[in-house]
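The values are calculated or read from the model by the stated rules, or taken from the named source; none is laboratory data. What you see is a predicted model; the values in this text were computed from it and never measured. Note that we place each Cβ from the backbone using ideal geometry, even for glycine, and neighbour counts take in every protein chain shown.
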Amino acid sequence: MKTFLYANDLGDLNRALAEAAEIKRERYKYEHLGRHRTVLLIFFNNSLRTRLSTQKAARNLGLDVVVLDVNQGAWKLETERGVIMDGDKSEHLLEAVPVMGAYCDLIGVRTFAGLSDRRADYEERILRQFIEHSGRPVFSMESATAHPLQAFADLITIEEHKRTARPKVVLTWAPHPRALPQAVPDSFAEWMRAADVELVVTHPHGYELDPLFVGDARVEYDQMKALEGADFVYAKNWSCPGVTCPDDYGKILSTDRSWTIDAAHMAVTNDAAFMHCLPVRRGMIVTDDVIESPRSLVIPEAANREISATVVLKRMLESL
Amino acid sequence: MKTFLYANDLGDLNRALAEAAEIKRERYKYEHLGRHRTVLLIFFNNSLRTRLSTQKAARNLGLDVVVLDVNQGAWKLETERGVIMDGDKSEHLLEAVPVMGAYCDLIGVRTFAGLSDRRADYEERILRQFIEHSGRPVFSMESATAHPLQAFADLITIEEHKRTARPKVVLTWAPHPRALPQAVPDSFAEWMRAADVELVVTHPHGYELDPLFVGDARVEYDQMKALEGADFVYAKNWSCPGVTCPDDYGKILSTDRSWTIDAAHMAVTNDAAFMHCLPVRRGMIVTDDVIESPRSLVIPEAANREISATVVLKRMLESL
Amino acid sequence: MKTFLYANDLGDLNRALAEAAEIKRERYKYEHLGRHRTVLLIFFNNSLRTRLSTQKAARNLGLDVVVLDVNQGAWKLETERGVIMDGDKSEHLLEAVPVMGAYCDLIGVRTFAGLSDRRADYEERILRQFIEHSGRPVFSMESATAHPLQAFADLITIEEHKRTARPKVVLTWAPHPRALPQAVPDSFAEWMRAADVELVVTHPHGYELDPLFVGDARVEYDQMKALEGADFVYAKNWSCPGVTCPDDYGKILSTDRSWTIDAAHMAVTNDAAFMHCLPVRRGMIVTDDVIESPRSLVIPEAANREISATVVLKRMLESL
């Protein structure tokens, strides 16, 4: 595996889930794979869970880890040719990226959507530069439009906790005070479509996800109706994806707190498990009682980030 | 050992000192203990000695180390339930702390006193959150009111350099231009009381340390009288602990430079060794000639931070 | 080797080049040397290539690595004796530096020239403090006036790509919008003089390099004339070294873009290879076509930073 950005980069998901289960039983089983290998983790944006879980995963595999924090916006790379670089950009990506590749074997990149230029975000311009110019296998640690390590951890969690062969999984928008990227719901929708679940997506009008990710999944604008009989409720805020209203890309279209997941919402489900990628704003996304209930999976879900990252790094090491 | 905050967490101090001596002779003797184990070091505040010495101690034990710098004040955790998190706090401690525990085996936390809310500081609210919610053994790397790794290193240093079975140890306040926490004098007083030394504490009126730490140790307000016959002089500034004057908690009550330790102060001692936890402001806490004298132990004392941390981490690993 | 700052610290350069070639073939050959040893990398200034390549080199040798980022200017060390430290300097170097040495076996320091006090820069005051007071072998990771790990990597690159026994190497100044230190051209000139090459230096009047580094190397003020028949063109900007015009130390004297290396410049060479230490500003230092041509060595040159650092760390480990 030379790139990890979309669900199909991983191939057969059932095989991947079996690997995840194996690694969870014996985390250091493949420690020999990373010997004399180095993974470079580049953070253009903040990270807590990804930073910690990916480092742990790398060490599970015996990899040396080098973490590079790029000050947010402070390190500006020129991306165009023919430019006289006499401004604030001190380096061209055509030099910077191959050089970073020279000192490692694998590269992970975290870079958030700018939420102003939809095309630049959806083309994954920064991640693509690493894929094209680093000379190394590259994996997303959440990039502009996808967070596949999270979606894979979500899938592992659903697999571990499902009570029926083909559970009903509801991805529901919920309010948030800040405009957030679509990376998490994008990848979650994409991975659930690739998995053996019944996916329903629910959100206010205008929040339609990009077809690249949501495909022909059922969209239900009535949240309560969507939640009926759900086995898993996956709540998440996102800003306008600009699919049905391009001029509103990246904006907050609704602050409707009736979408906040509370006991009344959960009451219509099939005693559903509650999921969220974290960090989560209580009172906005979900109430205290729901997130603290025995059916809340947010902590084991976060813990599975170590497992998903270990499988992904293992696959990349095997491809070297 | 599941928590390391106070002297009695370590149990018999003589046994701990013997372990320290053993590790100092052979630093990697217990390297096998940390195999396939990870320690997470979380810094809410600046650190030089603690950052370096604790990493070295962890590697002595074969532990993987993950360092997490939390921007000072930038990462605000909600701590109350029932709150609608629509402000600047993006995560609740009830999610953040267990997640951090999910990716490691041991957690060290550095967090300074705020010096405005005495009760919050003396309840060690932030450290307690990690102890209660992380699911992992937690040790203080200096917290609001205690710096036990420093006090243990101080004790090791005194043990190594004492010339009598029960030396006289004087903890003396000294002036400083900024308001500093009480963590170092608190722990020093507490550990010296638990050790086999004669402790005398001296400071201007109003600087009385909390009884939790200072107990019934002798307090002498006449600094020169306190220093008479001392075998060890431990100088340190601290701000008002708010014991005798609660309204002044965290304030500077005195800038009296007659308390600065100079040759005249040392002349009344029993050729005492000089100690300070560093960083130290020369000319305020101590004069150049005293800190540079052959009787100054500040460098070996700092070096012993590696040893105290190795013993503490060893104990925690043995308890897993 | 107890200090690495100048070319002669490395001794016989041919022997060093042979070691570099050996390590390049088998990077982990000396992994046993660093067992139970720790290198501390202290960054007073930004770094990308040095940060990554030196970490990789340390791991090649089995060293534990501790990285310490000192906020630029935020951590101010007092350097004078007899001072009452009641201002913004919270620690004296006579304490800070030995303490850092206490937790490691080797120390690397990055610290840029201030470009205001020529004497302070050329005395390498910060690096010298580590050499004199840390008690450990110290190597420059670019200091005020020298960047020997870069110059050694440059020499390795020239050795690998030279087509004649004694190639003509031209160090040429080129324009840049910011005032840059002289560390790279200083070391490059010094190392080329020590190596078996024909060195020519070219720059506008006023940019004369310090005799300590440039010695009696040929200086040619006519850039095109200098480039005639060159086998290697090494472009770099630097600010006024203050040799011929002391009052202009650290200033920009020229912004003449006729010095930018383009195809017309390269046309007068002997099909020269193009080199630059990176980061490079395209359109200022060099045009896109030159830096992207098959004769551009900037990426392999950067990759050789791992090799030069591995040789240097190996030598230091052997001296312990």
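Please indicate, with yes or no, whether at least one residue in segment B:236-255 is farther than 27 Å from B:E160 by Cβ, touching a Ser or Thr at 6+ places or on another chain (Cβ under 6 Å) and of a type in the set (G, A, S). Checked against the condition, which is being farther than 27 Å from B:E160 by Cβ, touching a Ser or Thr at 6+ places or on another chain (Cβ under 6 Å) and of a type in the set (G, A, S), segment B:236-255 yields at least one hit.
Name the single residue, out of those in segment A:138-177 being free of Cβ contacts under 8 Å to residues at least 40 places away in the same chain and over 18 Å from the mean Cα position of the chain (by Cα), that is surrounded by the fewest Cβ atoms within 10 Å (Cβ to Cβ). Looking at the filtered set, the residue picked out is A:A165. Exactly one residue out of C:Y30, C:Y6 is more than 28 Å from C:E123 (Cα to Cα) and among the aromatic types (F, W, Y): that is C:Y30. Taking (1) of a type outside the set (A, V, I, L, M); (2) under 27 Å from A:S47 (Cβ atoms); (3) without any contact (Cβ under 8 Å) to a residue 12 or more places away in the chain in turn, A:G283 satisfies each apart from (3). The condition of being of a type in the set (K, R) and within 29 Å of A:A195 (Cβ to Cβ) holds for only one of A:R59, A:R37, A:R81, that being A:R59.
Going by the conditions given, is A:T79 touching a Cys at 6+ places or on another chain (Cβ under 8 Å) and in contact (Cβ under 8 Å) with a residue 40 or more places away in the chain? Against the criterion (touching a Cys at 6+ places or on another chain (Cβ under 8 Å) and in contact (Cβ under 8 Å) with a residue 40 or more places away in the chain), A:T79 does not qualify. In segment B:10-22, the residues that are not assigned by TED's automatic domain parsing to the domain that holds B:E160 reach residues that are surrounded by 11 or more Cβ atoms within 10 Å (Cβ to Cβ) and not in a helix (DSSP H, G or I) with C-beta atoms within less than 6 angstrom, at least six apart or across chains, in these pairs: B:L13/B:A195. Of the helices (runs of 4 or more DSSP H) lying entirely inside segment C:4-119, those containing at least 2 residues that are surrounded by 18 or more Cβ atoms within 10 Å (Cβ to Cβ) and of a type in the set (S, T, N, Q) are C:49-60. Cβ-Cβ contacts under 8 Å between residues 6 or more apart (or on different chains), taken from a first residue in segment B:110-136 that is over 24 Å from B:V39 (Cβ atoms) and touching a residue at least 12 places away in the same chain (Cβ under 8 Å) to a second residue that is surrounded by fewer than 18 Cβ atoms within 10 Å (Cβ to Cβ) and not small (G, A, S), are listed as B:R118/B:P246; B:Y122/B:L212. Residues of segment C:46-99 that are at the interface with chain B (Cβ under 7 Å from one of its Cβ atoms) and of a type in the set (S, T, Y): C:S90 alone.
Whenever a residue of segment A:213-241 is within 19 Å of A:M275 (Cβ to Cβ), it has no partner that is at pLDDT below 95 lying with C-beta atoms less than 9 angstrom away and at least six residues away or across chains. Per the conditions (1) in a strand (DSSP E or B); (2) over 20 Å from B:Q182 (Cα atoms); (3) more than 14 Å from chain A (Cβ to nearest Cβ), the sole criterion not satisfied by B:F139 is (2). Within segment C:25-45, track down each residue that is within 14 Å of chain A (Cβ to nearest Cβ) and of a type in the set (S, T, Y). If the condition is that a residue be within 14 Å of chain A (Cβ to nearest Cβ) and of a type in the set (S, T, Y), then C:Y28, C:Y30 are the ones that fit. Could you check, for segment A:239-251, whether at least one of its residues is modelled with pLDDT of 95 or more and within 14 Å of chain B (Cβ to nearest Cβ)? No, segment A:239-251 has no match at all. So for segment A:129-137 (the condition being more than 18 Å from A:A7 (Cβ to Cβ), modelled with pLDDT under 95 and surrounded by fewer than 24 Cβ atoms within 10 Å (Cβ to Cβ)), does at least one residue qualify? Checked segment A:129-137: at least one residue is more than 18 Å from A:A7 (Cβ to Cβ), modelled with pLDDT under 95 and surrounded by fewer than 24 Cβ atoms within 10 Å (Cβ to Cβ).
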